[in-house]
Structures are given as structure tokens and as C-alpha cells.
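Below: one structure, written as C-alpha cells.
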Amino acid sequence: METDWSVIIKFLPDLIEGTKSTIYITLAGLIGGLIVGAVAGVMRAYGGKILNAIAFIYIEVVRGTPIVVQVMFLYFALPILANIRVDPLNAAILAIVINAGAYIAEIVRGALLSINKGLTEAGLAMGLPHWKVLIYIVGPLAFRRMIPPLGNQFIVSLKDTSLFIVIGVGELTRTGQEIMASNFRAVEIWTAVAVIYLILTGVLTFILRFTEKRMRLL
Amino acid sequence: MKIIEFKNTSKSFGPLKVLDGVDLTINTGEVVVLIGPSGSGKSTLLRCINGLEEITGGDLIVDDLSVLGPAKDLRMIRQEAGMVFQQFNLFPQLTALQNVAFGPRKVRGAPKAEAEETARELLAKVGLADKENHLPSELSGGQQQRVAIARSLAIKPKVMLFDEPTSALDPELKQEVLNVMRQLATEGMTMVVVTHEMNFAKQVGTRLIFMEHGKITVDGHPREVIDNPPNERLKDFLQHVE
Ligand SMILES: Nc1ncnc2c1ncn2[C@@H]1O[C@H](COP(=O)(O)OP(=O)(O)O)[C@@H](O)[C@H]1O
Ligand SMILES: [Mg+2]
């Protein structure tokens, strides 16, 4: 079997479009996921019984179901249940928000609870309300500890976007699939797709290592 | 003038009664030394004063406010009752100066320059003027505890609560902390001190309280009580701490 690497050049513009879409879904999804995860994580760490239970159920539902099922539910079942139309791109972003949010919540909770309780007490004993202790003292300390596990989650979420091929979002994997269908150049196209994913995760890893090094763990 | 008043105060952790109907009035200017066996409830008594532990019976009035009052009252109480912990609990990401300026800035809302000026004065007072840019991890235990005292003082409390402030320190570092506390007492600060330092109690204390099983069993003048223990268990206890 002969390989023809020039097909990659030919389809590069398509691959770049797919990559852009993958990056967009990942970025938008992770920004939302960070917000959802921070809120749910704080609810788990400090919330009363009810808030804690809500966050707990959310996290367990997400962790207990495959992301493909989650996106299928958002894309196909939600419109029927709630009568809202979601386009594939938004369903994909929402799936990352919800999915990453749950895992990030556990990271946030773990990091918050790992900070010495004495520091919280010192802050409270000065007459600060609890939320200020969280924002000024515990939060910044916990954040440093979150960087490695967050980085891990970012990479997982980035790769998870490839599963959205099932709802037909034109992300990188779907693009590869479509090119393949037209010319059957499996080796060349899937190599190119894999290399692009590697570059993306590599850049992410590099940024995270860099941030981690600049922030001392205390 | 009354500053702290326990009124038949109790505190339980589940089934465990840790404070058992404590009645105790502390006036401004007193230096109360609190002693007792481990687990007798000394820390709990101290932590009820600033509401780090919630009382479960009776009442407790600090600077005319009940610890059972609304959250805002509790924050007022905490601003008037500074606390120094056994483990220092300095904020590890902040320098000595930032630690001390933190209260004035975030609690009292002072502008940065003013807060730092207050912090510099206080660091000088505890003998650490040259350490303002050091992180806690770069300071010895004794230095950290002195920064912690300065941090509490920066909020201008009316009372200072000390929970075994020298217990985590090597013997040679204890004195530098005790000296700062001695100076505070001389200046008239009202203090409640849990400690095993009997010399400090004798020299600086105006009152000595012995606790057993959540109750105050001896309450008197330090010198008299230490030289002439009115109760066998206190006598025993004193022999063990010497
Ligand atoms: N948060 C808590 N939960 C349960 N029990 C506690 C808690 N804090 C203290 N205790 C218990 O209360 C008792 C008194 O503790 P403490 O006030 O720390 O004593 P002391 O300071 O005199 O050694 C001990 O038996 C201790 O185990
Ligand atoms: Mg104690």
C-alpha cells in the first residue's frame, strides 16, 4: 500500500477548520465548566445539607454516565422534554460545561478542603465573614493546588470533544472522518488528526507546567 | 468594667459535655491565666469567647454583645477579641507585613498605605521591623508567633485570647514570645492566656483559673494559688508542669 502525504496538504484547510471548531468547543466548554465547577465545588465544601446534596447528585449523575450519552441526551432528548432546540455546536459546548463542571467541582472541593483549617479560623477570628476568608485566603491557596488536576481535566475535555462526532459537530475528528469518506486515505488523515490533537494537548501541558512553576505551592 | 461574662455557659460536642455551666466574669485590664489538664476544656472556653465554637447552653456576653446574636454581632465581637493560636496560622502566601496589614485592610477597610504604616509600627513593636518582606516559611517559630500577635493587634482589639502560644516552640524561642506578651500586659491589654508557663502566670497574671472536666474549680491570684494550691489535683497538676 502506498501512502500519499500530499493529501494532508490538500485537506489542510478543512483540518484547520475542524481544529478551530474543536478549540472553540473546548474553550467555551471549559470556561463554563470552570464556573459551574467552582460553584458546585464550593457547595460541596461549605454548603449546608441541601446545597451539598444538590451538588452531590449533579456530580454523581455526570460521573456515572458516559459523555456520549450526556450529549445525546442534550441534543435529542432535551428538545422533546423541554421543548428547546439546541444546535449541535451548542449541545457540544453544553456537554463539556456540564461534564467538565462535575469533575472540576470535585477538584475544587478537594483543594478547598486540603487547606489548613487553622487559616480559615484565623481569618474568621479577625471578624471577616466566611466568604471573604474564602476569597482572600483559602481560594488563592487552593487555586495553586488545583492547577495540576485542572490541567488533566482540560486535556480530557479536549479529547472528549472528539466524541461529539455522534451528533455531527464539525470538529476535528468529524472532519477527519469526512475527508476519509471521500478519499479513503486512512493512514494519512488519521495520522494528521492525531498529530493535531497531540499539538493541542502539548501546548496545554506546556502552559500548565509554566503556570505551575511560576506559582509556588504553599 | 466587664468585658467578658460567661453566664451558666455550656458547650457540648454531641454527647460530650466540654463546658459545664461555666460562670465567669472578666474585667478590662485583667490578665487571666487559664490552666488545666489536657482535654479539660481550656481551648473550648477560649474559642467560645470569639464564637469559633458555638455555645450550646446559657449565654456569653463579650463587650456587651451576646455570642448568640446575629452574625454581624459575632463579627463585631471577633474584632474586639483577637486570637493567637498555638500553630500561629499565618497566611503562608503573604509576607509578614501583608499578614499584619491584612486585618486593617480587609476587616477595617483602611487604605493600603495606612494599613501598611500600622503594620510596620506593630512589626517594630514585636521586634521584627527587619523581617517585613519575609514569608512565614522564612521565619522561625518564635518570629512567626510574634507576627501573629502583631496581626491580631492590628485590628485594635480590646481583649487578646492566647491558646498555648508557646507550646509549639522550642524552649529557646518561647521567651521572645512571652516577652511580647509581657509587654502587652504592661500596657494594660486585657488578656486571657491558656499556657503551661507558670513563671509567666506568676509574674504577669492577675488571676489564675484551673479547669477540670469543663468546670472552673480554682479561681484566684496566681502567686497565692500556685504557692498554696487549694486543691489536691491542682497541686498534682503544678508538679507535673514544673
Ligand atoms: N470539634 C470537636 N469535636 C468533638 N470533640 C471536641 C472538639 N473539640 C474539642 N473536643 C473535645 O472536647 C474536650 C475539650 O477539648 P479542649 O477544649 O481542646 O481541651 P484543652 O484545650 O483543655 O486540652 C476534649 O475531650 C476534646 O476531645
Ligand atoms: Mg487546648
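The values are calculated or read from the model by the stated rules, or taken from the named source; none is laboratory data. Being a predicted model, the structure only gives us computed values, none of them experimental. When we count neighbours, we look across all protein chains shown, and the Cβ atoms used for this are built from the backbone with ideal geometry, even at glycine. These accessible areas exclude ligands, DNA and RNA; they are computed on the full protein's heavy atoms, side chains included. Shrake-Rupley method; radii C 1.70, N 1.55, O 1.52, S 1.80 Å.
Only residues that are loosely packed, with under 15 Cβ neighbours inside 10 Å, among the aliphatic types (A, V, I, L, M) and in a helix (DSSP H, G or I) were counted across region A:66-102, and they come to 5. Checked against (1) open to solvent by less than 10 Å² (accessible area, probe 1.4 Å); (2) modelled with pLDDT of 95 or more, residue A:169 passes all but a single condition, namely (2). If you go through region B:1-18 and keep only what is open to solvent by less than 10 Å² (accessible area, probe 1.4 Å) and either among the β-branched types (Val, Ile, Thr) or touching a Phe, Trp or Tyr at 6+ places or on another chain (Cβ under 8 Å) (or both), you end up with B:3, B:4, B:9. Checking each residue of region B:123-135 against the condition of being outside any helix (DSSP H, G or I), open to solvent by 60 Å² or more (accessible area, probe 1.4 Å) and at positive phi gives no match. Filter region A:101-129 for residues that are within 23 Å of residue B:43 (Cβ to Cβ), within 14 Å of chain B (Cβ to nearest Cβ) and touching a residue at least 24 places away in the same chain (Cβ under 8 Å) and give the result. Listed by number, the list holds a single entry, A:115. If you filter region B:58-72 down to residues that are within 14 Å of chain A (Cβ to nearest Cβ) and under 21 Å from the mean Cα position of the chain (by Cα), you find that the one that is surrounded by the fewest Cβ atoms within 10 Å (Cβ to Cβ) is B:65. Could you please tell me which pairs satisfy a Cβ distance under 7 Å, a separation of 6+ or placement on different chains, a first residue in region A:175-201 that is in a helix (DSSP H, G or I), and a second residue that is charged (D, E, K, R)? Sorted first by the residue in region A:175-201, then by its partner, the pairs are A:175/A:14; A:175/A:17; A:179/A:14; A:188/A:4; A:197/A:159. Whenever a residue of region B:191-213 is away from chain A (no Cβ under 14 Å), its partners that are charged (D, E, K, R) and within 14 Å of ligand 2 (Cβ to nearest atom), lying with C-beta atoms within less than 6 angstrom and at least six residues away or across chains, give the pairs B:194/B:42; B:194/B:163; B:194/B:164; B:211/B:42. When restricted to residues that are part of a loop (DSSP other than H, G, I, E, B), in contact with a Ser or Thr (Cβ under 9 Å, 6 or more places away or on another chain) and within 14 Å of chain A (Cβ to nearest Cβ), region B:23-57 contains 1. Only residues that are open to solvent by 20 Å² or more (accessible area, probe 1.4 Å) and farther than 26 Å from residue A:96 by Cα were counted across region A:108-134, and they come to 11. Here residue B:78 fulfils each of the conditions (1) open to solvent by 50 Å² or more (accessible area, probe 1.4 Å); (2) touching a helix residue (DSSP H, G or I) at 6+ places or on another chain (Cβ under 7 Å) apart from (1).
Among the residues examined, residue B:8 qualifies as more than 11 Å from ligand 1 (Cβ to nearest atom) and over 18 Å from the mean Cα position of the chain (by Cα).
Give me the residue from region B:165-190 that is hydroxyl-bearing (Ser, Thr, Tyr) and either open to solvent by 10 Å² or more (accessible area, probe 1.4 Å) or free of Cβ contacts under 8 Å to residues at least 40 places away in the same chain (or both) and, out of that set, farthest from ligand 2 (Cβ to nearest atom). Here the residue is B:186. Being closer than 29 Å to residue B:140 by Cβ and out of contact with any helix residue (DSSP H, G or I) (no Cβ under 7 Å at 6 or more places or on another chain) narrows it down to one of B:174, B:235, B:215, so name that one. None of the others qualify; the one that does is B:174. Test residue A:40 against the criterion of being within 25 Å of residue A:160 (Cα to Cα) and open to solvent by less than 60 Å² (accessible area, probe 1.4 Å), and give yes or no. So residue A:40 passes the test. Which of the residues belonging to region B:5-46 are within 16 Å of ligand 2 (Cβ to nearest atom) and touching a His at 6+ places or on another chain (Cβ under 8 Å)? Result: B:35, B:40, B:41.
The number of residues in region B:136-173 that are outside any loop (DSSP other than H, G, I, E, B) and modelled with pLDDT of 95 or more comes to 21.
Selection of region B:109-122 for residues being open to solvent by 50 Å² or more (accessible area, probe 1.4 Å) and either part of a loop (DSSP other than H, G, I, E, B) or within 12 Å of chain A (Cβ to nearest Cβ) (or both) yields B:109, B:111. Selection of first residues in region A:36-61 that are of a type in the set (Asp, Glu) and of second residues that are surrounded by 13 or more Cβ atoms within 10 Å (Cβ to Cβ), restricted to Cβ pairs under 9 Å at least 6 apart or on distinct chains, gives the following pairs, ordered by first then second residue: A:60/A:102. The set of residues from region B:203-225 being more than 12 Å from ligand 1 (Cβ to nearest atom) and surrounded by 22 or more Cβ atoms within 10 Å (Cβ to Cβ) comprises B:205, B:208, B:222, B:225.
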